[in-house]
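Taken together, the values in this text are just the output of simple stated rules run on the coordinates, not laboratory data. Predicted model, so just to flag it, every value in this text is computed and none were measured. Glycine also receives a Cβ, built like all others from the backbone with ideal geometry; neighbour counts cover every protein chain displayed.
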Amino acid sequence: MKRLKVISIFVTNFVLLFSFQTFAQAKEHDKKTEPLNEKIEMTGQSDKGNDTSNNEVPGNPEETQSKNLTEKTPSKTDDVNINSNEKKDEIKSGFRFGSYGRISIGTTTEGRSILKYEIVGHPQRIFENNYVEIDLGYNLDTGINKYVKILMTTAIMGNFFHYTGDPQLQAAVRNLYIEAKGYPVSWLAVWVGSRMYRGDDIYLLDFWPMDNLNTLGAGLIMSPGLWDFRIHAGVNRLNDEFQYQEIKVAAEQFQPRTVVFMDRQRFISSLKITRFFLLSNGWEKGAKVSIYGEVHGLPAGYLYHENEPPEKIPSDFGWLVGIQGGIWGFSKDSWANVWLKYSGGLASYGELSIPFDLQSDKKSTSARDFIAGISSNWEFGYGGIITGFYARYFKDADPNVYDINDYWEGVLTVRLQMYPVSFLHVAVEAGESFRQTTGLANTMPKFDPQSQSFIPPPHETPSVTNVALMLIYSPFGKGTFTRPQLRLLGSVQIPNAAARHLYPEEDIRAGGDKIIDNLIWGIGVQAEWWFNSSYR
C-alpha cells in the first residue's frame, strides 16, 4: 500500500504539470499566429528583442549556490533591480525541478549503527536521518513581477531499501499549492494549498525557532517597498482521537457501519510583518526586523467510550508572539539572525502535536513555551564560521511543579570550515547540549549501611558534548553553504553520567564503568545538496 501511495503521488505530480504545459503551449501558439506586420507596427521590434520578462540582474555565480537562509541575503541580489531598489521576481515560464536531500551512512567502532543521545528536542545535525525532497512544478511568467506557479514537493524519509531490504517507504506531500503574483498590483501575491510555511532557520540544528507551520490553507503576501506583510489562515485535523474519531454502529440488515463521531479541526492563523533597512545601494548589505504572531483554536467535541456516556472535550485556544532581528552583508555571504518567541496554550505544543498533561478542565491554557535562538555565518576568505544556539523553557498545562515534562534545554554549536583548496574543505564542529527538568531525579535512592537509611539522589542535569571532524569535497568551490557537499567525517559523543542514566542498562548509551565505555565513536560518509529548492 505504501508503495502504491508513493506511485500515486508522482503520477499526480505529472498530471498537474502536463495540464500546465498544455495551457502554456496553447498560449504560445496563439502568440505565434498573430500577424507579423501588426507586431512590428506596435512594438517596432521582434518579440525576442522586446521581451523584458526575462531580464536578469547580474549576480555572483557562487552566491547562487548558497542556501538562502534569510529572506533577503546577499544571494537575493539577483531578484532585485539594484538601481531602483525594486524587488523583481525573475520566474521564467516552464517546468521546474528542484531538490533538497541528505544521505548519511555511518558506523560505530563496534560495527553498530550510530545511536545518538537525544536529550534535547533539536540536537546537532552531525549524523542526521536520511531525507530527500523532490520539487516538481510549473511556472507561467506573464510579465515583470507577474506570474502563476504551481509547486508539489514530495518527501521521502527513513532508511532505504538497499539498507533494510524492505521496499516500503515513508513518504509525505510537503507542498502542494498554487500562487499568483502581480494581479492587480506587482507587490501582491495570493496562494492556496498545502504548504511548508516558515521563515529562517538555525542550520546547524535543523531548527526553525519562530515561524514554522505545516498548514492547509491560504495566504496573502504583500511586499510594497521595504515592507513585507504575510497573512495566513489554515486548518489541520490530526489522525488522533483528540481531534478525530470513528466508531462502529449497527445499521440495516445487522451490518456494522462506520461513522465519524469526533471531528475537530484546529484553526491556525498567522501574521508576519518585516521591515528591511538597506545599508548600501541595493540589497547587498542590510538589516531587517520581523514581528510575528499566531492564534490557534479548537472547537469543543465529544469522545466516544464503549458502555459509557460520551465524554465532553472542551474548546481550547493558543497564541504565539515572536520577534526576529537580522543583518547581512557585513562580509561576503555573511549574515546573522536573533529570535525571541513566547507562546501559550495550544501553540506551546506545536501544530502537529497533541497537548499532554492538561489542566483539570482538560484545557492547555496554562502551558507556556519560551525560545531564544541565534544563527550566524561569517565568511572570511579562506574559511567560514557557522554558529547555532537555542535555549528553551517549556511548562505543560498541569499544576504539578515536580514534573519531568517541565524543563529548560539548550544547545550551542560552532563549525569552523577552512578551504585549503577551493574544492576541498576541512571542518571541525563542537557543541554542547543540556536538559534540566523540574521533576525528580532519574536515579534511585542509594542505601547507606551506616545510617541504615536511603540517601536521596542529587538532582541531575543531563548534558552531551559532540565533536566532529569533516573532510568535505565541494565541486562548486568555496563557501560554507556551497552545495553539493560530499563528506567524510568522524565524531565522538561524550555524555555525562546524568545523560547515561536516561537509558536502561541494556542500551549501549547507558555506558559502563570505564570512561572509554561511555564514549560513542562514529565514522561515516555523507552527502547534502540543494538546487531550485523551495525549502520554505
Take the eigenvalues of the Cα gyration tensor for the range 70-531, scale each by 5, and report the square roots as semi-axes in whole Å, largest first. 38, 34, 23
May I ask you to derive the FRET efficiency for Q450 and V492 from their Cβ-Cβ distance with R0 = 60 Å, giving the value to the nearest 0.05? 0.90
FRET efficiency estimate (nearest 0.05) - Cβ-Cβ, A251 to T438, R0 56 angstrom: 0.65
Separation of alpha-carbon centers, the range 382-408 and the range 333-379, rounded to whole Å: 9 Å
What distance in nm separates the simple spin-label points at L216 and S99, each placed 7 Å from Cα in the Cβ direction? 2.9 nm
Taking the simple approach of a point 7 Å from Cα along Cα-to-Cβ for both S113 and D507, what is their distance in nm? 1.6 nm
3J(HN,Hα) from dihedral phi, the range 494-507, Karplus parametrisation 6.51/-1.76/1.60, rounded to Hz, x for glycine, proline: 10, x, 8, 4, 5, 5, 5, 5, 6, 10, x, 5, 6, 7
L169 and I231 label points (each 7 Å along its Cα→Cβ direction) are spaced in nm at 3.9 nm
Take I114, I472 and order them by how many other Cβ atoms sit within 10 Å, fewest up front. I114, I472
